[in-house]
1. Let me confirm something: among Ala109, Ala121, which residue is over 19 Å from Thr73 (Cα atoms) and assigned by TED's automatic domain parsing to the domain that holds Trp197?
2. Would you pick out the residues in region 250-261 that are among the hydrophobic types (A, V, I, L, M, F, W, C) and either without any contact (Cβ under 8 Å) to a residue 12 or more places away in the chain or not in a loop (DSSP other than H, G, I, E, B) (or both)?
3. Can you pull out every residue in region 173-220 that is touching a residue at least 60 places away in the same chain (Cβ under 8 Å), out of contact with any His (no Cβ under 7 Å at 6 or more places or on another chain), at negative phi and charged (D, E, K, R)?
4. Of the residues Glu247, Glu233, which is without any contact (Cβ under 8 Å) to a residue 40 or more places away in the chain, closer than 23 Å to Ala121 by Cα and of a type in the set (D, E, K, R)?
5. Step by step: first the residues of region 212-221, then only those that are assigned to a helix (DSSP H, G or I) and either charged (D, E, K, R) or surrounded by 24 or more Cβ atoms within 10 Å (Cβ to Cβ) (or both), then the one that is modelled with the highest pLDDT. Which residue is that?
6. Can you confirm whether Lys192 is among the basic types (Lys, Arg) and either at pLDDT 90 or above or touching a Ser or Thr at 6+ places or on another chain (Cβ under 9 Å) (or both)?
7. When only residues in region 222-257 that are modelled with pLDDT of 95 or more and of a type in the set (Phe, Trp, Tyr) count, which is farthest from Asp195 (Cα to Cα)?
8. Given the criteria surrounded by fewer than 23 Cβ atoms within 10 Å (Cβ to Cβ), within 27 Å of Leu86 (Cα to Cα) and modelled with pLDDT under 95, does Arg133 qualify?
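The values are calculated or read from the model by the stated rules, or taken from the named source; none is laboratory data. Nothing here was measured: the structure is a model prediction, and the numbers come from that model. So basically every Cβ, Gly included, is an ideal-geometry build from the backbone, and we count neighbours across all protein chains shown.
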Amino acid sequence: MPPGVTVPCQYRTGKTLGSGTYAIVKEAIHIQTGKYYACKVINKKLMEGREHMVRNEIAVLKRISSGHTNIVTLHDYFETAHNLYLCFDLCTGGELFDRICAKGNYYEADAADLVRTIFKAVKYIHEAGIVHRDLKPENLLFKTPAEDAAIMIADFGLSRVMEDEKITQLTEICGTPGYMAPEIFKRTGHGKPVDVWAMGVITYFLLAGYTPFDRDTQEAEMKAIIAGDYKFEPEEYWQNVSDTAKEFVRTCLTVDPHKRPTAAEALKHKWLASASPIFVTSSNGEPADLLPNVKRAFNAKAAWRKAGFSIRALNRMQTLAHGGISEEAAKLKADVEGYKAESERERMETASITYQPPQSGDSHEDLASRVGEVSLKERS
């Protein structure tokens, strides 16, 4: 279909699934097939002057979509007079840690299997020239409720295309504070190594139920990350975790990004590459069950984590980094909830859309340019 042609929407609106920094996520049901998708809805007013964020996300997703079983696929994108819509796989199996806590038992080998699977997807992303920059448990979703469902990396809103291995190209502060690498805070330049650092934090979290840089204040957390200041404590939470697993975490949490392993190198570490499972033996001679301690720590930190980890550093850390919040940022914060509520009220089935489905021949540059034309058109 030629760009700019207005047609009836091919989807109808389902329930609201969640809300992020700049967008809401709703179910979108394809009218002809009845298939369900997760649809990211972004208010155009909110994106004025920030169209590059959407252009970039689509460019990233088109480069990697459908290329790996553990990465969400971008199926469609279009616009109405008021909103931009991006349609993804609908992952119905829940978040990573919720799934773990619902299990009857959970062993170190289970954690290693999860980390190995995710790292393989990260390796694929990096080889495609992409850095994710917001890896965290909340962005790791199971595709279906089935026990053998694939785990999926989601939310590429902060990702960037990086054509080479330089780690000094990106300098803005972004991510989710507890998972951010030291070089992001120091603004010395960052790239793909930040994803390996985040995987180290995720691995620590999967083994203990809390993150290594938990502190009472945001500033203390930031200073601990920059210094690489963490311990495998309290001892009761780590007595059933092998030294090999701890050494793997230490390797990923190398402060100097030049000395940090790549995703490919991390996959060769003994903890992930060993032909037989690595574990601590319990008193009954079986592998130790990590679930009791993991659930206890996870539940104890739930309220703090909800307040502290769900807000991206784009909003949380600028005050620390720059000594104050800008007038533009203050206005954005004041407007954002209203814009998101406005987006949520639109009914897809009654909207006319400019429909520009992704085409297999598009390069990420072509897509970025084409979406730029959509995003920059005069607003209604």
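1. Only one candidate qualifies: Ala109.
2. Cys252, the sole residue that qualifies.
3. Hits for region 173-220 are Asp214, Glu219.
4. The unique qualifying residue is Glu247.
5. Step by step, filter region 212-221, then rank; the result is Glu221.
6. Yes.
7. Trp238
8. So Arg133 fails the test.
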